[in-house]
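In what follows, a structure is listed as structure tokens, so that the remarks can point back to it.
The values are calculated or read from the model by the stated rules, or taken from the named source; none is laboratory data. These numbers come from a predicted model, not from an experiment. Here Cβ is always computed from backbone atoms with ideal geometry, including for glycine, and neighbour counts include all displayed protein chains.
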Amino acid sequence: MTGPTHIAIAVSCGIMAGAGRADLALLAGGAIIPDLDTPRSFIGRVFFPLSIPLNKWLGHRGPLHSFWLWGLVAIAGIWWKPAFIIGAGALLHIFADCATVSGVRGFAPWSEKLFVLFKRDWRIKTGSGAEIIILVVFGSFAWAGGYVGAVGGIRAMIGHLTGAPKIMVEEFRSKGLQQCRVHGKFRWNSGLIEQVDWLIIGTEGQGLAMQGIEKIVRTPKHGEFLKARLKPVKDVKWEVVKLKGWAKTGSKVYFLDGAKWHTAKAGEVVWGQILGHNISLENNL
């Protein structure tokens, strides 16, 4: 397949996995690196001083198209994350080429065996009309998948569409210090069902602590969500301070005493983990 098609396939997969811009760029780069072994490729024409000798030495779809090489690169991601992303992009390239007429020598130079995904009549010829269709499909998928990536990947999208409370909590845990709200139907232990839009303070065990109208609301202590969708607050992050002793706060903050979240107004004593904005602490005791 050609370079643009490999890029479209890799970026589509990355977007559906919730990858950020930097990771998508690495994924796209990894998706065309294997074709350095031919000067006729998308990347080979740019780096022809390198691709010409590589082609003479290795041939096309040889060692640079091997599962073992890029599998090792991906495993190196244990120590350096970009290696995993680049390796994943290259492996996507190889699997895509397995769907072409020529196939791939997936274990070269140790084996000349060709790896293919389909019988010959179903395989795609590079540059053919069938490949153009694949490029259009995955290109459109990548474009439409921008929404999926924006909400954090497939699982987050499913949670947003279905309002699944468990997925909402898992998605909140992945947001780090980004400030988030939760919107949904909440059933109090009394049986009352209420539509709510609360600021999430943090987790308590497997549940959440949220700022209600008059008090901190906790799940499952006070009730449970029937449906809930996470609403990250764009470009707003919490500040966090961890205290070894006690201190007075100069502004409203939330603090975790080890088990529960509490609210503190200016002038009140706080301890443990402090959460807020423009945190000001005085007389640390």
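Evaluate the stretch 260-269: report whether one residue or more is farther than 20 Å from Gln179 by Cα, surrounded by 14 or more Cβ atoms within 10 Å (Cβ to Cβ) and not acidic (Asp, Glu).
no
Among the listed residues Glu224, Glu214, which satisfies the condition of being assigned by TED's automatic domain parsing to the domain that holds Ile167, modelled with pLDDT under 90 and of a type outside the set (A, V, I, L, M, F, W, C)?
Glu214
How many of the residues in the stretch 2-28 are assigned to a helix (DSSP H, G or I) and within 19 Å of Gly62 (Cα to Cα)?
Here the count works out to 2.
If I ask for residues that are more than 16 Å from Leu256 (Cβ to Cβ), surrounded by fewer than 17 Cβ atoms within 10 Å (Cβ to Cβ) and not β-branched (Val, Ile, Thr), which ones from the stretch 185-201 would you list?
Residues satisfying the conditions are Lys185, Arg187, Trp188, Asn189, Ser190, Gly191, Leu192, Glu194, Gln195, Asp197.
Does Gly212 satisfy the criteria of being among the small types (Gly, Ala, Ser) and free of Cβ contacts under 8 Å to residues at least 12 places away in the same chain?
Spelling it out, it is not the case that Gly212 is among the small types (Gly, Ala, Ser) and free of Cβ contacts under 8 Å to residues at least 12 places away in the same chain.
Within the stretch 12-47, work out how many residues are buried (at least 17 other Cβ atoms within 10 Å of the Cβ) and more than 21 Å from Val104 (Cβ to Cβ).
Number satisfying all stated conditions: 8.
Would you be able to tell me the number of residues in the stretch 74-106 that are more than 21 Å from Ser41 (Cα to Cα), hydrophobic (A, V, I, L, M, F, W, C) and touching a residue at least 40 places away in the same chain (Cβ under 8 Å)?
Selection size over the stretch 74-106: 1.
Check Arg45 against each of (1) in a helix (DSSP H, G or I); (2) free of Cβ contacts under 8 Å to residues at least 24 places away in the same chain; (3) over 17 Å from Ile134 (Cα atoms) and name the one condition it does not meet.
(1)
Counting only residues that are modelled with pLDDT under 80, within 15 Å of the chain's Cα centre (by Cα) and surrounded by fewer than 16 Cβ atoms within 10 Å (Cβ to Cβ), how many does the stretch 146-184 have?
So the answer is 5.
Could you look through the stretch 202-259, keep only residues that are of a type in the set (Asp, Glu) and within 28 Å of the chain's Cα centre (by Cα), and pick out the one that is surrounded by the fewest Cβ atoms within 10 Å (Cβ to Cβ)?
Asp235
Please tell me if Trp57 is in the same structural domain as Ser102 (by TED's automatic domain parsing) and out of contact with any helix residue (DSSP H, G or I) (no Cβ under 9 Å at 6 or more places or on another chain).
No, not satisfied.
Go over the candidates Ile86, Ile75 one by one and state the one that is part of a helix (DSSP H, G or I), modelled with pLDDT of 85 or more and surrounded by 22 or more Cβ atoms within 10 Å (Cβ to Cβ).
That would be Ile86, the only listed residue that is part of a helix (DSSP H, G or I), modelled with pLDDT of 85 or more and surrounded by 22 or more Cβ atoms within 10 Å (Cβ to Cβ).
Which residues, taken from the stretch 97-115, are surrounded by 13 or more Cβ atoms within 10 Å (Cβ to Cβ) and modelled with pLDDT of 75 or more?
If the condition is that a residue be surrounded by 13 or more Cβ atoms within 10 Å (Cβ to Cβ) and modelled with pLDDT of 75 or more, then Asp97, Cys98, Ala99, Thr100, Val104, Phe107 are the ones that fit.
Among the residues of the stretch 12-35, how many are modelled with pLDDT of 80 or more and within 15 Å of Leu91 (Cα to Cα)?
So the count comes out to 13.
Note down all Cβ pairs under 8 Å where the first residue falls in the stretch 1-21 and is over 16 Å from Asp35 (Cβ atoms), the second is assigned to a loop (DSSP other than H, G, I, E, B), and they're at least six residues apart or on different chains.
Ser12/Gly145; Ile15/Gly145; Met16/Gly145; Met16/Gly153; Ala17/Gly153; Gly18/Gly152; Gly18/Gly153
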